[in-house]
Amino acid sequence: MASSVTTTTTVGRMIITLSLLYLFTPTLVSSECELLKYDTNLLEFPLNLEYFEAEYFLYGSMGKGLDTIEPEIAAGGPPPVGAKQANLSPLIKDVITQFAYQEIGHLRAIKKVVEGFARPLLNLSAEPFATVMNDAFGKPLSPPFDPYANDINYLISCYVIPYVGLTGYVGTNPKLQSPISRKLVAGLLGVESGQDAVIRSLLYEKAHEKVAPYDISVAEFTDKISELRNKLGNNGLKDEGLIVPTDIGAEKKIQGNILAGDKDSLSYGRSPREILRIVYGTGKEHVPGGFYPNGGNGALAKRYLKRGNN
């Protein structure tokens with residue numbers, strides 16, 4: 001008799017448990033979908049920079065882009081303007097090729113979670129990079145800076161945009177509602193941070209070398225680029241070069257700055273608005289230019305453009 005009662009009780013508990021799962025699982029799924037919907041604009045926005053990085057690394061290392069290697073990821077967006085293969089040593093070419101394939105993975109990973117959008121028009125010719133350098137130094141460099149000329153020039157050009165994407169992920173993560181979204185951004189941020197660390201390390205090794213023919217050191221280039229990004233972002237100090245005053249260095253004890261961070265050595269975060277101000281080169285999120293002649297794609301970028309046209 002006791003055995004029969006125990007069995008009946010166990011079966012009853014199983015039925016109740018299954019019933020509860022049946023009742024609440026649809027609600028949980030629905031809730032997760034709602035959270036993902038809330039996160040969509042924030043998750044798709046980084047595609048603008050991921051497209052830039054993918055195309056710039058692909059062309060720089062191999063002389064060909066998404067339209068050749070992964071055309072479906074470009075989703076019919078216009079091909080980049082002026083991109084070409086850089087004159088790189090075997091080591092730097094290998095590193096940049098690795099980055100290129102990683103960026104393809106990033107684009108795919110984002111599009112698995114949100115629909116995303118087609119590649120925006122990108123100007124990857126030497127001219128926008130030269131403009132950045134001229135603006136950074138407050139005068140035209142002669143001859144104009146050519147990012148594709150050699151290892152050092154290309155690495156300095158890689159310092160210009162990818163770090164901005166990293167700060168975007170840091171700024172986005174606290175605003176996300178869904179665990180799926182936060183997991184995705186954490187994964188993206190991990191590799192983007194690694195790429196930035198590699199670029200900064202390679203440049204730091206040559207920090208005091210002069211960049212021919214300008215008689216300007218590598219460290220000076222990074223300092224001026226970071227100053228320009230702080231100015232364009234217009235939201236305080238969120239960028240640091242390779243060598244900084246001691247009171248900005250880690251624990252206010254050192255000038256070497258191989259990784260950028262705040263007073264607690266935590267990564268800086270930026271909003272989509274700040275990022276657009278920087279990558280457009282205009283200091284205004286509603287005025288496109290620079291590497292994005294027609295502006296970025298996606299709801300957030302289009303919303304700012306629309307406001308500027310009103």
Loop trypsin sites (Lys or Arg not before Pro), the stretch 222-310 (other Cβ atoms within 10 Å of the site Cβ: 14 or fewer; DSSP): Lys253, Lys263
Gaussian network model of the chain, Cα within-10 Å springs - most flexible of Ile254, Ile73, Ile275: Ile254
Among Gly281, Gly194, Gly168: highest mean-square fluctuation, GNM of the chain, C-alpha pairs under 10 Å: Gly194
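In terms of the ratio Rg/(2.2 N^0.38 Å) built on C-alpha atoms, what value belongs to the stretch 65-155?
1.26
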Global geometry of the stretch 181-310, whether rounded, prolate or oblate, following the gyration tensor of its Cα atoms and the 1.5 cut on a/c: prolate
Nearest-20 debye value, the stretch 41-309 charge dipole, Cβ charges on Lys, Arg, Asp, Glu: 880 debye
Stretch in the chain that is longest and holds no GluC sites (Glu not before Pro) that DSSP places in a loop and that have at most 14 other beta carbons within 10 Å: 1-114
Mean separation of Cα contacts under 8 Å, 6 or more apart, over the residue count of the stretch 216-260: relative contact order %: 31 percent
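Just want the ordering: Val279, Val191, from fewest to most Cβ atoms lying within 10 Å of their own Cβ.
So the residues, fewest neighbours to most, are Val191, Val279.
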Other-chain or far-sequence residues with amide H under 5 Å of Tyr292's (modelled H): Asn123
Theoretical ellipticity at 222 nm over the chain - DSSP helices of four or more residues, -39500 (n - 2.57) apiece, nearest 500: -20000 deg cm²/dmol
Dimensionless Rg/Rh of the stretch 41-309 - Kirkwood Rh, Rg from C-alpha atoms: 0.94
Net charge, Leu300 excluded, C-beta distance under 10 Å - Lys, Arg +1, Asp, Glu -1: +1
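Cross-link list Lys112/Lys263; Lys111/Lys263; Lys64/Lys231; Lys224/Lys284; Lys111/Lys302: which exceed 26 angstrom alpha carbon to alpha carbon?
Correct reply: Lys112/Lys263; Lys111/Lys263; Lys64/Lys231.
FYI, it's all coordinate maths here, none of it is from the lab. From a predicted model like this one, the values you see are computed outputs, not experimental measurements. Here Cβ is always computed from backbone atoms with ideal geometry, including for glycine, and neighbour counts include all displayed protein chains.
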